[in-house]
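Data block below; observations after.
What follows is calculated from the coordinates using simple rules that are stated; it is not laboratory data. Quantities reported herein were computed from a predicted structural model and do not represent experimental measurements. Note: ideal-geometry Cβ built from the backbone for every residue, glycine included; neighbour counts use all protein chains shown.
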Amino acid sequence: MHSVLGDRKSVALLLGPALLVYSLVMLVPMLWSLGYTFYTGSVISGFTFTGLDNFTKLFDDPALPSSLWFTVKYAVVITAGQVLMGYLLALLYVFFLRRAGSVVRTLIFFPVILPTVAVALLFQKFFEFAPQTGPVNALIEAFGGTGVDWFATPGHAFLVVALMDIWRSMGFYAVLLYAGLLDIPDDLMEAAALDGATTWRLIRSIIVPLSLPVLVSSLVFSINGTLKAFDSIYALTGGGPGSATTPLTLYMYQTSFAYGDYGYGSTIALTLTVLCLLVTVLIFRATRRDAGQEQS
Amino acid sequence: MKLTRTLRRLPGHAVVALLLLVVAYPLIWLFLGSFKTQDEFLNGSTTALPHSFTNFANYSQAWSSVATYLQNSLLTVLPALAIIVVFGTAAGFALEILVWRGRQTTLLLFLAGIMIPGQMILLPLFTVYFNLHLTGTLWPLIITYTATGLPLTVFMMATYFRAVPREVFEAATMDGASIIRSFVSVAFPMMRNSVLTIALVQFFFLWNDLLIALTFTTDDAQRTVQVGLLNFTGQFGVVEYGPTFAAICINVLLILAIYLFLNQRVMRGLAAGAVKG
């Protein structure tokens, strides 16, 4: 095919700048980072070739399993929480608020675009134990309980991180899933309702299956984001208490910049990348098989 | 009849009210706190209203450092945003409208950039910036922001261009306009709505970024809003609640101002970015 739109010079001129910047600042560093996994040291101390040492270290490092486990735990819990809350909100928007819900949707969406650092600092103060008693502890005390030092124990710190991330992103998933729910034809639901289907049955047999595609893309998007989460945790807990809330992203950052080991840092970054790829492939596989079973 | 309907809807209304409270209360509490004195924070009830709503001492103290941070953020985000939009739209046009071999592969190449965690590119970039003596300037942030914003922009623009019949551009080109000309005077103006949406989405990503800003800013003079805010408490030794609250509040109010005018576009844009990404 020979089109007037096939001029090579124009392609180069229009695509060139973006491709060049992208290649130089993202693709080349990515490959370069792979090269670093065979070295130890930093730009300040200089690099030494160590072969596969970083990879054997990966298996001996006691801090790695705990931060890998935290990454996975965080991603699973937050993804489940975000998408579930989003879905419930979306159902609320569609079946309860209907057209009138625009203001509610807009309000609940607002935290989504707030800077993570601002939200994290806000939550720090909101859950504060001392010297100021924050609203959460004040509420507990008002009901006769004793205040909790939320950031002193791993379990509590994780809870605050989870609550914060769900608080600031549920509005986003609600809007995403709401758009998916709107695509379900009304007459299909009316027909089922006329046939005597209960609300629960309606949700299970019509709404969930028909909104499955957008549900899956929400899951993929959420898990990809949560596996890479850094800002919220760094700003809220700094990885603590101890290293109890340190995901791979933060561990990589500390290894590279606090301990000046770019080699091992790159190895952790690579581990994270592989994890992201594996999880995405797994989800797509799993959902495709489910979809196949539905049809047969 | 109407009464039973209202009663039946009561639990639903209660749920909605509770939700709005959960979303709004922390922000209202933050706003109230920004007017409180240190003494009110430490000795008063945390849920109490401030003694005075005209106590702007916190804001003036916060502003003395936040002003620099805001300036740094603007000086990095706006140039990056401008380049992202121009380069990204041009690339989207080249990938979707122009006809050449390898388009699909190139698009996938950009797609990879959306998947890759930022941690994969930080260390080599730091090495380069350090060796080029760029650390200590705002250039590392501008360059890195530009590159990280491109993949999603290219991808979204390509998707938007897909909805435009190629004949439009063929006609323009047959009429004697060069392809570049038809991009500049037909495609770009035609897409200005999508371009604005993408620019808005990217603005929030860049403005709210912590990882990249944290890595490449080495001293206080280059701190962006987010990095500055993070170090805000440390600066005085003891936590000075009022100024800290005021500083967070400035950051929130700024975003609120944008959101008041563009909320529908923000919601649409972010949702579109997720579905396509």
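Quick notes
- P(r) of the protein assembly as shown over all Cα-Cα pairs, binned every 20 Å from zero, in whole percent: 18, 51, 28, 3, 0
- Nearest-0.05 FRET efficiency for A:W69 and B:M190, computed from C-beta distance (R0 45 Å): 0.35
- Gaussian network model of chain B, Cα within-10 Å springs - most flexible of B:F35, B:F93, B:F169: B:F169
- An oblate overall shape is assigned to chain B, the ratio a/c of its alpha-carbon gyration tensor axes (a ≥ b ≥ c) being 1.5 or greater and a/b not exceeding b/c.
- Relative contact order of chain A: 28 percent, from C-alpha pairs under 8 Å at least 6 residues apart in sequence.
- Signed unit charges on C-beta, dipole axis of chain A, positive-most listed residue A:T237, A:S211, A:G6: A:G6
- The charge dipole of the protein assembly as shown, taken about the Cα centre with unit charges on the Cβ atoms of Lys, Arg (+1) and Asp, Glu (-1), comes to about 1380 debye, rounded to the nearest 20.
- Net charge over other residues, Cβ less than 10 angstrom from the Cβ of A:T40 (K, R count +1; D, E count -1): -1
- The mean number of Cβ atoms from other chains found within 10 Å of a Cβ in peptide A:271-284 is 1, as a whole number.
- On Cα atoms only, tilt of B:103-115 relative to the major axis of chain B in degrees: 10 degrees
- Residues A:K9, B:K36, arranged from fewest to most other Cβ atoms within 10 angstrom of their Cβ, appear as A:K9, B:K36.
- B:S60-B:I180 pseudo-label distance in nm [points 7 Å out on the Cα-to-Cβ vector]: 5.5 nm
- Each residue of the stretch B:143-149 was assigned a 3J(HN,Hα) from its phi angle through the Karplus curve 6.51 cos²θ - 1.76 cosθ + 1.60 (θ = phi - 60°); the sequence is 5, 5, 4, 4, 5, 6, x Hz, with glycine and proline shown as x.
- Whether chain A is rounded, prolate or oblate, judged on the alpha carbon gyration tensor where a/c under 1.5 counts as rounded: oblate
- Distance from the alpha carbon centroid of the stretch A:242-286 to that of the stretch B:136-151 works out to 22 angstrom.
- Note on chain A: helix-only mean residue ellipticity at 222 nm, from DSSP H runs of 4+ residues weighted -39500 (n - 2.57) and normalised by residue number, equals -21000 deg cm²/dmol.
- Rounded to two decimals, the Cα radius of gyration of the stretch B:169-246 over 2.2 N^0.38 Å is 1.93.
- Extension gain, B:H13 back to B:N43 (0.36 nm per residue minus Cα-Cα distance, nm): 7.1 nm
- Hypothetical label at A:L84: residues of the stretch A:160-176 whose amide nitrogen lies under 14 Å (7 Å Cα-Cβ projection): A:162-163, A:166-167
- Net charge over other residues, Cβ less than 10 angstrom from the Cβ of A:V175 (K, R count +1; D, E count -1): +2
- With a Förster radius of 30 Å applied to the C-beta separation of A:I203 and A:L278, the computed FRET efficiency comes to 0.40.
- Cross-link reach is defined here as a Cα-Cα straight distance under 18 Å, omitting same-chain residues fewer than 8 places apart; for A:K57 the aspartates and glutamates meeting it are A:D261.
- Close amide H pairs (under 5 Å, H built 1.01 Å from N) link A:S42 with A:Y262, residues at least 5 positions away or on another chain.
- Among the listed pairs A:K125/A:K228; A:K73/A:K125; A:K228/B:K36, those beyond 27 Å (Cα-Cα): A:K228/B:K36
- Pair A:A258, A:A286: separation of 7 Å Cα→Cβ label points (nm): 3.2 nm
- Sequence-separation-based contact order of chain B, relative, with Cα cut under 8 Å and 6+ spacing, percent: 32 percent
- FRET efficiency for the B:T218 to A:A12 pair, using the beta carbon distance and R₀ = 41 Å, is estimated at 0.65.
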